[in-house]
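Here is the structure we will look at, set down as structure tokens.
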Amino acid sequence: MDSHTNVEENNIESLYEESLLRIERGDIKQGRVIAIKNDGVVVDIGYKSEGLVPINEFSESELANLKEGDCFEVFIEKMDEQGGIILSKTRAYRIRAWERLNEIFNKGLQVEGTVIERTKGGLFVDIMGIRAFLPASQVDLKTIRNLDSFIGQVVPLKVLKINQPKGFVFSNKATEAPLIVSRRQVIEEEKLRKKEEVFKKISEGGLIRGTVKNITDYGVFVDIGSVDGLLHISDISWRKVNHPSEFFKVGQEDEFVVLKFDRETEKVTLGYKQKKPDPWLTVESKYTAGTTVKGKVVSIVDYGVFVELEEGLEGLVHLSELDWAPRPKHPSKYVSLGNEVEVLILSVKKDERRLSLSIKQLKPKPWELVIKKYKPGDRVTGRVKTLTDFGAFIRLPEGVDGLIHISDISWTKHIKHPSEVLRKNQKVEAQVLSIDPERERIALGIKQLSPDPWESEIPSKFKLGAEFIGKVLKKTEYGIFVELEGEVEGLVYTSEIDNSQDIIEGGEIPVRIIKLNLEERKIGLSMKNIKRREV
């Protein structure tokens with residue numbers, strides 16, 4: 001070996017020794033793949049130095065895609081006596097990961113992690129190859145019962161606490177994680193951020209879009225973006241609202257008016273009806289007394305019917321304004337909910353927010369029809385409406401009631417109460433006796449439908465001294481009422497009763513006419529001095 005060769009070898013050794021001086025155990029260097037062998041990957045880390053990364057630090061997929069020239073950071077594990085350098089790609093990655101996590105923690109930044117396992121009290125999460133513990137209380141704002149549903153998910157997290165191991169030595173199979181993280185804090189911060197964005201948009205009197213979140217008896221809760229606004233039932237519509245569900249459904253999106261906003265308490269009061277003007281402000285210019293309009297029946301109560309003329313503008317048709325009948329039926333007998341009806345405006349009271357309406361006054365007055373249609377002597381047909389001690393009220397087709405006095409029911413029978421002859425709702429025929437339009441009264445009679453027997457038949461058929469077999473109707477203190485020939489009644493005076501006879505109501509007795517008063521329409525009878533007749 002010549003001197004020139006010795007000098008060159010000395011120079012190479014000198015450079016190698018110099019490069020080794022620049023490399024220390026624990027350093028992290030940028031490496032470039034120069035060869036892939038069975039036992040590891042040869043990496044050039046500069047300074048004319050090469051090292052070996054064990055093959056087990058690469059996954060199958062990484063090896064399949066690895067090629068010469070690829071670069072990555074490596075950790076200087078050790079240098080052997082022969083000058084060989086053992087490198088670790090995994091440890092370099094973890095050290096850099098810790099550096100990044102410390103930076104994230106110190107700056108309060110977010111980091112993503114993959115949920116890998118369920119454990120007692122929470123979940124284990126992989127963050128850049130480092131095992132972190134996510135307590136169950138930090139998973140969400142509300143309690144999550146099925147934590148297993150998160151396994152495999154990539155979730156945003158905030159680092160709450162770092163317990164960095166000495167020398168960065170740890171295992172992903174450790175029972176304790178060096179990181180404590182929170183997903184809940186991320187959600188809270190996002191909610192706060194969105195809330196601030198919403199607050200910038202909220203202004204009293206302005207419009208804001210929202211989604212119906214919940215419906216109660218007293219109103220609607222609306223999600224307007226991380227903030228809930230309350231729409232009270234009284235602010236839903238200018239019309240009467242029985243329940244908010246008549247107007248809204250959960251999940252429905254709509255636009256609302258901001259009525260009031262308190263930033264400190266974060267309370268937002270919303271309105272919906274305020275999107276339209278109050279119809280009562282212009283009611284007097286649109287509706288005047290005496291005009292006829294159409295509306296929809298929106299409510300039926302015992303005392304009348306509420307009719308909506310336009311949204312939020314309702315008027316009352318009182319029970320007394322539904323029908324001309326003296327005693328109107330229940331309002332539900334005249335109209336149904338949703339019916340379109342024509343009404344007459346009686347009065348408009350803007351300050352009291354009241355409209356008085358009428359249906360009956362758009363119909364002819366029954367008495368006007370009666371006056372035109374009937375005159376004394378006409379025959380009419382109606383139904384018995386009411387029975388009283390003094391007579392029966394008959395409802396005529398025109399809706400008015402005529403009175404049949406008890407004395408006008410029969411020419412000949414002694415009637416103590418109309419129920420002896422008539423029953424409620426019975427259809428009867430009668431004659432008009434008189435009409436008094438001013439007092440709205442019409443008198444009717446049943447007996448007048450046939451000739452008065454006291455003027456024709458009775459004088460010729462029932463004469464003084466004539467004897468009959470009569471039917472006992474009633475026994476009284478002053479005598480016995482007896483029916484003769486099924487036509488007329490007579491009275492057996494107390495003094496003229498034959499006590500030897502067996503007298504029972506419904507039975508028959510022989511009688512003789514001893515008195516006939518055509519003016520008073522009375523027949524006096526006696527049971528005495530009668531010729532022998534079989535009873």
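The values are calculated or read from the model by the stated rules, or taken from the named source; none is laboratory data. This is a predicted model, so every value here is computed, not measured. A quick note on method: Cβ atoms are made from the backbone with ideal geometry, for glycine too, and the neighbour counts reach across all protein chains shown.
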Only one of (1) touching a helix residue (DSSP H, G or I) at 6+ places or on another chain (Cβ under 8 Å); (2) closer than 17 Å to V384 by Cβ; (3) exposed (fewer than 14 other Cβ atoms within 10 Å of the Cβ) is not met by P437, so which one is it?
(2)
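Do you know which of the residues in region 412-445 that are among the hydrophobic types (A, V, I, L, M, F, W, C) and touching a residue at least 60 places away in the same chain (Cβ under 8 Å) is farthest from Y374 (Cα to Cα)? Walk me through it before giving the result.
Of region 412-445, the ones among the hydrophobic types (A, V, I, L, M, F, W, C) are 415, 421-422, 428, 430, 432-433, 435, 442-444.
Narrowing further to those that are touching a residue at least 60 places away in the same chain (Cβ under 8 Å): 435, 442, 444.
Working: I435: 8, I442: 10, L444: 12 Å.
For region 412-445, the residue satisfying everything is L444.
Each row is one residue, and each column tells you yes or no for (1) buried (at least 18 other Cβ atoms within 10 Å of the Cβ); (2) closer than 29 Å to L52 by Cα; (3) over 54 Å from the mean Cα position of the chain (by Cα).
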{"position": "C71", "(1), (2), (3)": "no, yes, yes"}
{"position": "R96", "(1), (2), (3)": "no, yes, yes"}
{"position": "N106", "(1), (2), (3)": "no, no, no"}
{"position": "E112", "(1), (2), (3)": "no, no, no"}
{"position": "K158", "(1), (2), (3)": "yes, no, no"}
{"position": "K161", "(1), (2), (3)": "no, no, no"}
How many residues does region 482-535 contain that are more than 16 Å from K413 (Cβ to Cβ) and touching a His at 6+ places or on another chain (Cβ under 9 Å)?
0
Residue that is surrounded by the most Cβ atoms within 10 Å (Cβ to Cβ), among those in region 48-69 that are touching a Phe, Trp or Tyr at 6+ places or on another chain (Cβ under 9 Å) and of a type outside the set (A, V, I, L, M)
S49
Consider L134 carefully, then state whether it is at pLDDT below 90, surrounded by 15 or more Cβ atoms within 10 Å (Cβ to Cβ) and either aliphatic (A, V, I, L, M) or assigned by TED's automatic domain parsing to the domain that holds I208 (or both).
no
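Any chance region 370-386 includes a residue that's under 30 Å from I523 (Cα atoms) and not assigned by TED's automatic domain parsing to the domain that holds V482? If you could, list the steps in order and put the result at the bottom.
Filtering region 370-386 for residues under 30 Å from I523 (Cα atoms) gives 377.
Going one step further and asking which of them are not assigned by TED's automatic domain parsing to the domain that holds V482, we end up with 377.
Yes, the conditions are met somewhere in region 370-386.
Could you identify the single residue in G377, G399 that is more than 53 Å from the chain's Cα centre (by Cα), touching a residue at least 40 places away in the same chain (Cβ under 8 Å) and at positive phi? If you could, list the steps in order and put the result at the bottom.
Working: G399 fails: more than 53 Å from the chain's Cα centre (by Cα).
It is G377.
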Flagged in region 486-509 as surrounded by fewer than 18 Cβ atoms within 10 Å (Cβ to Cβ) and in a strand (DSSP E or B), in numbering order, are Y493, E508
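For region 325-372, enumerate the residues that are modelled with pLDDT of 90 or more and within 11 Å of G399 (Cβ to Cβ).
Step one: of region 325-372, the residues modelled with pLDDT of 90 or more are 330-362.
Scanning region 325-372 gives a single hit, K360.
Of all residues in region 239-254, count the ones that are in a loop (DSSP other than H, G, I, E, B) and not aromatic (F, W, Y).
We begin by selecting, within region 239-254, every residue in a loop (DSSP other than H, G, I, E, B); these are 239-243, 247-252.
Keeping just the survivors that are not aromatic (F, W, Y) gives 239-243, 249-252.
Residues meeting the conditions: 9.
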If a residue counts only when it is under 30 Å from S226 (Cβ atoms), which strands (runs of 3 or more DSSP E) contained entirely in region 262-344 have at least 1 such residues?
267-271
Of the conditions (1) of a type in the set (G, A, S); (2) at pLDDT below 90; (3) outside the structural domain of I162 (by TED's automatic domain parsing), G69 satisfies every one except a single condition; which number is it?
(2)
Conditions: (1) outside the structural domain of R383 (by TED's automatic domain parsing); (2) surrounded by fewer than 17 Cβ atoms within 10 Å (Cβ to Cβ); (3) touching a strand residue (DSSP E or B) at 6+ places or on another chain (Cβ under 6 Å). T476 meets all but one. Number of the miss?
(3)
List every residue pair whose Cβ atoms sit under 7 Å apart, with the two residues 6 or more apart in sequence or on different chains, where the first one lies in region 326-342 and is touching a residue at least 24 places away in the same chain (Cβ under 8 Å) and the second, anywhere, is surrounded by 12 or more Cβ atoms within 10 Å (Cβ to Cβ) and assigned to a loop (DSSP other than H, G, I, E, B).
P331/L322; Y334/L322; Y334/D323; V341/V335; V341/I359
